[in-house]
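Working notes, beginning with the structure itself.
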Amino acid sequence: MEAGLGRGDLLQRAVPAEPQKPADGLRKLKREFSSREELARYLQEQFPRPAQRDAHLSPIRGGRSQAEAALAPIQPARYAFTRNYLDGCVTGLSPYIRHGVIALTRVREVALSRVAHPFHASKFVVELAWRDYWRRLYGLWGQGVWQDREPYKTGWAASDYAESLPVEVEQGRTGLACMDAFARQLAETGYLHNHARMWVAAWVVHWLRVKWQAGARWFLKHLLDGDPASNNLSWQWVASTFSHKPYFFNRENLEKYTRGAYCQKCPQRGDCPFEGSYEELHRKLFRSQVEG
Amino acid sequence: MKPLVWVHEDCLRQEAPYWNQHREAPAVFVFDDEQLEQEEWTLKRIAFLYECLLELPVEILRGDTVEQLRLAQQAYGCDCIVTADTPEPRIRRVIEALRQHTRVEVAPEEPFVELDDRVDLRRFARYWKQAQLKLFPQ
Ligand SMILES: Cc1cc2nc3c(=O)[nH]c(=O)nc-3n(C[C@H](O)[C@H](O)[C@H](O)COP(=O)(O)OP(=O)(O)OC[C@H]3O[C@@H](n4cnc5c(N)ncnc54)[C@H](O)[C@@H]3O)c2cc1C
């Protein structure tokens, strides 16, 4: 994608130490680039196989300076009541936090320094704590985050779910304006708002009845914050293999938190699979013994 | 002690305990080709990490992580490797493999919240009940 590529930036800012001995076999990569385009071209040459999966850079840039720029404007008090809206006051810090560019503790301290009373930052700190919680479980379970932690509570058995994702889903060509837009945003930018991740995951698992593992693999390919701890365990939370009940939503909920951005222009308007009350959708999606 | 700092994708900052104590030491990062294929990385993820690395005084290497770290250790004349702890199984496996031939110091991350080892992690609510007492003492 061309958008967001800065021109003429000097990307090299730090100099590593020189080896003392001749370094036979060390496969060093280049550190000097005069522009982001040059970096993109170099990485395409060096990493042809990843470049076959997708060859563009995200408009979201890496680096400490970028992380600080994202940290500076955070508004933890506003976050508490706007975070569920796609245009809400979320921070975009996840790629930097995931790779330890900034410490979770530092983000918390900055958040607390922005509010009159710690209580006003508590919703934000709870979300940071989710990351800590998932990582603790990852420490206990390791590769076990790829297995169903518990049976599905949907009335369906794991074997009722398909192994792989339909190609139209990944390509964003299903005809559902919302889901297609999310799939394309994921591929283009490597970022999705939390609520969009929840809707996409619920659609994949409960409407399309595809195993959450297939969806989790798709997300991990693209997300700049992709992390088997937060990703897989959130998918399991949606699927109900690590929660008491499945997460699902209806069109009204999506329309509200997207401020109607998709429903108005959706080709499937009038025939939306998400239309209906929670009770109706529950009956449609799950086998009857499951509680709503 | 003459350490080589191994910077991996879970901890890309110099102030982290593992690196902060050895700021003068040579530091390397390795893009592991096998990992990139197994985890099906897209170019934008590689580029994001690359841009983070360009702001750090670190040599960027590629290849087999264990082999590249061994070669770097020889080239820089280092007698041990220091790195950051992480729950990531791949990185833990690399650390075990390195320990077959050298000393490896693994520094814990700054804890987000210090909890009893027996903390109940069965659901977030149980964890939060305890974490909250530490994070928001009354
Ligand atoms: C299906 C699914 C997959 C997900 N995959 C990932 C993933 O691979 N990596 C990842 O970091 N997060 C993941 N999340 C959690 C969450 O969606 C993202 O952390 C969040 O959307 C990142 O955007 P932000 O930085 O603007 O978040 P903000 O709302 O501004 O939150 C600040 C920080 O808190 C942490 N955080 C917030 N919410 C959560 C959460 N529910 N779980 C864990 N940490 C949280 C993140 O580090 C985030 O940067 C996933 C959620 C779902 C439902």
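The values are calculated or read from the model by the stated rules, or taken from the named source; none is laboratory data. Not measured: the values here are computed from a predicted model. Here the Cβ is made from the backbone with ideal geometry for all residues, glycine too, and neighbour counts use every protein chain on show. Note: accessible area is taken over every heavy atom of the protein model, side chains too, but ligands, DNA and RNA are not part of it. Shrake-Rupley method; radii C 1.70, N 1.55, O 1.52, S 1.80 Å.
Things worth noting here:
- Here A:Leu140 fulfils each of the conditions (1) facing chain B (nearest Cβ under 9 Å); (2) of a type in the set (A, V, I, L, M); (3) within 16 Å of the ligand (Cβ to nearest atom) apart from (3).
- Residues of the range A:21-40 classified as assigned to a loop (DSSP other than H, G, I, E, B) and more than 7 Å from every other protein chain (Cβ to nearest Cβ), total: 7
- Given (1) at pLDDT 95 or above; (2) under 15 Å from the mean Cα position of the chain (by Cα), number of the condition B:Gln73 does not satisfy: (2)
- Cβ separations smaller than 7 Å between residues 6+ apart or across chains give the following pairs from the range A:209-225 residues that are farther than 13 Å from A:Ser159 by Cα and within 11 Å of the ligand (Cβ to nearest atom) to residues that are among the small types (Gly, Ala, Ser) and in a loop (DSSP other than H, G, I, E, B): A:Phe219/A:Gly226; A:Leu220/A:Gly226; A:His222/A:Gly190; A:Leu223/A:Gly190; A:Leu224/A:Ser58; A:Leu224/A:Gly190.
- The one condition in (1) open to solvent by 70 Å² or more (accessible area, probe 1.4 Å); (2) farther than 30 Å from B:Glu67 by Cβ; (3) modelled with pLDDT of 95 or more; (4) away from the ligand (no atom under 16 Å from the Cβ) that A:Ser65 fails to fulfil: (1)
- Residue under evaluation A:Ile60, criteria (1) part of a loop (DSSP other than H, G, I, E, B); (2) under 23 Å from A:Ser230 (Cα atoms); (3) without any contact (Cβ under 8 Å) to a residue 40 or more places away in the chain, criterion not met: (3)
- Residue match in the range A:179-193 (condition: within 12 Å of chain B (Cβ to nearest Cβ), surrounded by fewer than 16 Cβ atoms within 10 Å (Cβ to Cβ) and at pLDDT 95 or above): no
- Check on A:Leu86, within 26 Å of A:Arg64 (Cα to Cα), more than 10 Å from the ligand (Cβ to nearest atom) and touching a residue at least 60 places away in the same chain (Cβ under 8 Å): yes
- Residue in the range A:240-256 that is in contact (Cβ under 8 Å) with a residue 24 or more places away in the chain and near the ligand (Cβ under 10 Å from one of its atoms) present: yes
- On the stretch given as the range A:43-55, residues that are surrounded by 15 or more Cβ atoms within 10 Å (Cβ to Cβ), closer than 21 Å to A:Thr189 by Cβ and free of Cβ contacts under 8 Å to residues at least 60 places away in the same chain total 6.
- Of the residues making up the range A:119-131, those that are open to solvent by 60 Å² or more (accessible area, probe 1.4 Å) and not aromatic (Phe, Trp, Tyr) are A:His120, A:Lys123.
- Search result, residues across the range A:41-68 that are farther than 20 Å from B:Asp10 by Cα and either more than 7 Å from every other protein chain (Cβ to nearest Cβ) or touching a strand residue (DSSP E or B) at 6+ places or on another chain (Cβ under 9 Å) (or both): A:Arg41, A:Tyr42, A:Glu45, A:Gln46, A:Phe47, A:Pro48, A:Gln52, A:Pro59
- Subset tally (residues that are more than 7 Å from chain B (Cβ to nearest Cβ), near the ligand (Cβ under 10 Å from one of its atoms) and part of a helix (DSSP H, G or I)) for the range A:91-107: 5
- Of all residues in the range A:132-153, those that are open to solvent by 20 Å² or more (accessible area, probe 1.4 Å) have Cβ atoms under 7 Å from Cβ atoms of residues that are basic (Lys, Arg) and within 16 Å of the ligand (Cβ to nearest atom), 6 or more apart or on another chain, in A:Lys153/A:Lys245.
- Subset of the range A:166-188 [touching a residue at least 24 places away in the same chain (Cβ under 8 Å) and either among the small types (Gly, Ala, Ser) or in contact with a Leu (Cβ under 8 Å, 6 or more places away or on another chain) (or both)]: A:Pro166, A:Val169, A:Gly175, A:Ala177, A:Cys178, A:Ala181, A:Leu186, A:Ala187
- Cβ-Cβ under 7 Å pairs, at least 6 apart or on other chains, the range B:50-72 side facing chain A (nearest Cβ under 7 Å), far side part of a helix (DSSP H, G or I) and open to solvent by 10 Å² or more (accessible area, probe 1.4 Å): B:Glu55/A:Arg64; B:Glu55/A:Ser65; B:Arg62/B:Asp33; B:Gly63/B:Asp33
- For A:Ser230, the criteria (1) within 9 Å of another protein chain (Cβ to nearest Cβ); (2) hydroxyl-bearing (Ser, Thr, Tyr); (3) within 11 Å of the ligand (Cβ to nearest atom) hold in every case but one, which is (1).
- Count of the range A:108-120 residues which are within 11 Å of the ligand (Cβ to nearest atom) and within 8 Å of chain B (Cβ to nearest Cβ): 1
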